[in-house]
């Protein structure tokens, strides 16, 4: 019998917040997994948003090859998801996901479809926690793959009940990690790791509008209760109101950013501290700093029982090729960009992996979207359509906070990274998509508008 697979995505979970000196949360269960399984602390997401992260993760391909691009383009193009691969090898698929994932064609029909999709941004773990623990008590036909996605780390972040004390973290984000860790402990008690592979990962990262050190404390986190009530308001409005609504929203965002800037300009802050504090939902800059794309990857259970922390760069597109090797599924015939990183679990050497990265475009506003690559040594990104715009290059070895853009003084490295980027996108037009507006029927157009409304409600602009 093939091992079962429990696959948990924690939305917006950053790698630096569960490892090293940046871990201010109480995480005994994640620490247990580190000691008894494998922890990758440099897993790189394909994108800074859920949709394109899903596209890369579940296809094993760079997102631009899948056809998924934005809230308007969610359908797959000549791509089979790894869920289909698992199903072809007799896995029974179960899910517990937030409702924004429902329209994504890359998500399959689950055996428990009646309870797969939960309300947007529930309080605490809510139904997601209850459904997950109940499912793990029995009722799933083996071998099963149970996919869970929780949104507690996603804006707006509430202070979790029972974890209000400062010992659980200095801000709501860190306190939510403590709360989720406790829930993970309950999961570990309900699964048989001898016959279950348990995978935990973040889909992308997030800025945290809070800063606390020995001499300074600044908290710009939005009022989560107020924002949640706002999200519950009717999202459908007459078309003629939309332009005015957007204009007022952007005016409010600019005023808010100006107020924040006035408050912090007297302090000697680093660039990474400033961009975290000043992050706004209406930002037009979609730059791919590690706060947004470096995520943790944990594995424990079947065939993975050694305590290892691996700092070598891996990618989300490598996750499912690795899972397939662990559970004994032969290499997929369809050509993918990801590879199995299982050799690293056996202390074998592997070539360095280059991660392709791209920003998620705005839903209702124009943004300066970027593409790029990340290696163990350098991060490079630039404008998606013009290689001479928005050029950023960072020395990750000596500047791991990405405070100093060295593109101007390191043009030879920029040229090398651009060459490597073009080799990745060779043969694909970044302007092309799998279908155009004129090819969508009325039902598809309505589905697109529904997806856009959900993303706007979550704070994506």
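If I filter the stretch 41-52 down to residues being in a loop (DSSP other than H, G, I, E, B) and touching a helix residue (DSSP H, G or I) at 6+ places or on another chain (Cβ under 7 Å), which single residue comes out as surrounded by the most Cβ atoms within 10 Å (Cβ to Cβ)? Give the steps one after another, and end with the answer.
Of the stretch 41-52, the ones in a loop (DSSP other than H, G, I, E, B) are 45-46, 48-49.
Cutting the leftovers down to touching a helix residue (DSSP H, G or I) at 6+ places or on another chain (Cβ under 7 Å) gives us 45-46, 48.
Working: 45: 26, 46: 29, 48: 25.
Ranking the qualifying residues of the stretch 41-52, first place goes to 46.
List the residue pairs whose Cβ atoms are under 7 Å apart, where the first residue sits in the stretch 414-430 and is at negative phi and at pLDDT 95 or above, the second is surrounded by 11 or more Cβ atoms within 10 Å (Cβ to Cβ) and assigned to a loop (DSSP other than H, G, I, E, B), and the two are 6 or more positions apart or on different chains.
As it stands, the answer is 414/391; 414/407; 418/387; 420/354; 424/62, since those pairs meet every condition given.
Among the residues of the stretch 319-332, are any free of Cβ contacts under 8 Å to residues at least 40 places away in the same chain and part of a loop (DSSP other than H, G, I, E, B)?
Taking the stretch 319-332 as the starting set, the residues that turn out to be free of Cβ contacts under 8 Å to residues at least 40 places away in the same chain are 322, 325, 330-331.
Applying the additional criterion that residues be part of a loop (DSSP other than H, G, I, E, B) yields 330-331.
Yes, the stretch 319-332 contains at least one residue that is free of Cβ contacts under 8 Å to residues at least 40 places away in the same chain and part of a loop (DSSP other than H, G, I, E, B).
Return the only residue of 128, 179 being modelled with pLDDT under 85, within 23 Å of the chain's Cα centre (by Cα) and not in a strand (DSSP E or B).
On the way: 179 fails: modelled with pLDDT under 85.
After applying the criteria, what remains is 128.
Quick one: how many residues across the stretch 379-428 are in a helix (DSSP H, G or I) and more than 26 Å from residue 15 (Cα to Cα)?
As a first pass, look at the stretch 379-428 and keep what is in a helix (DSSP H, G or I): 411-425.
The next check asks that each one be more than 26 Å from residue 15 (Cα to Cα); those that pass are 411-416, 418-419, 422-423, 425.
Residues meeting the conditions: 11.
Answer yes or no: is there a residue in the stretch 369-376 that is modelled with pLDDT under 95, more than 21 Å from the chain's Cα centre (by Cα) and buried (at least 18 other Cβ atoms within 10 Å of the Cβ).
No, that holds for no residue.
Just to be sure, is residue 366 closer than 22 Å to residue 49 by Cα and assigned to a loop (DSSP other than H, G, I, E, B)?
Working: closer than 22 Å to residue 49 by Cα: yes; assigned to a loop (DSSP other than H, G, I, E, B): yes.
Considered against the rule, which asks whether it is closer than 22 Å to residue 49 by Cα and assigned to a loop (DSSP other than H, G, I, E, B), residue 366 comes out as yes.
Here is a list of conditions, (1) in a strand (DSSP E or B); (2) in contact with a helix residue (DSSP H, G or I) (Cβ under 8 Å, 6 or more places away or on another chain), and residue 162 meets all of them except one; can you say which number that is?
Unmet for residue 162, out of (1) in a strand (DSSP E or B); (2) in contact with a helix residue (DSSP H, G or I) (Cβ under 8 Å, 6 or more places away or on another chain): (1).
Keeping to the stretch 1-44, report how many residues are more than 19 Å from residue 272 (Cα to Cα) and in contact (Cβ under 8 Å) with a residue 12 or more places away in the chain.
Going residue by residue through the stretch 1-44, those that are more than 19 Å from residue 272 (Cα to Cα) are 1-11, 25-41, 43.
So of that shortlist, the ones also in contact (Cβ under 8 Å) with a residue 12 or more places away in the chain come out as 1-11, 25-30, 32-41, 43.
Summing the residues that are more than 19 Å from residue 272 (Cα to Cα) and in contact (Cβ under 8 Å) with a residue 12 or more places away in the chain in the stretch 1-44 gives 28.
The rows are residues; the columns are (1) crowded, with 23+ Cβ neighbours inside 10 Å; (2) touching a helix residue (DSSP H, G or I) at 6+ places or on another chain (Cβ under 6 Å); (3) outside any loop (DSSP other than H, G, I, E, B).
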position: 13; (1), (2), (3): yes, no, no
position: 16; (1), (2), (3): no, yes, yes
position: 29; (1), (2), (3): no, yes, yes
position: 32; (1), (2), (3): no, no, yes
position: 39; (1), (2), (3): yes, no, yes
position: 55; (1), (2), (3): yes, yes, yes
position: 64; (1), (2), (3): yes, no, yes
position: 77; (1), (2), (3): no, no, no
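Going by what's in this entry, would residue 344 be described as surrounded by 21 or more Cβ atoms within 10 Å (Cβ to Cβ) and in the same structural domain as residue 193 (by TED's automatic domain parsing)?
Details: surrounded by 21 or more Cβ atoms within 10 Å (Cβ to Cβ): no; in the same structural domain as residue 193 (by TED's automatic domain parsing): yes.
No, not satisfied.
What single numbered condition from (1) surrounded by 18 or more Cβ atoms within 10 Å (Cβ to Cβ); (2) modelled with pLDDT of 95 or more fails to hold for residue 352?
The single condition residue 352 does not satisfy is (1).
Within the stretch 278-321, take every residue that is crowded, with 23+ Cβ neighbours inside 10 Å and over 18 Å from the mean Cα position of the chain (by Cα) and give me the one that is farthest from residue 90 (Cα to Cα).
300
The values are calculated or read from the model by the stated rules, or taken from the named source; none is laboratory data. Just so it is clear, the structure is predicted and the values come from calculations on it, not from any experiment. Every residue, glycine as well, gets a Cβ built from its backbone with ideal geometry; the counts of neighbours run over all protein chains shown.
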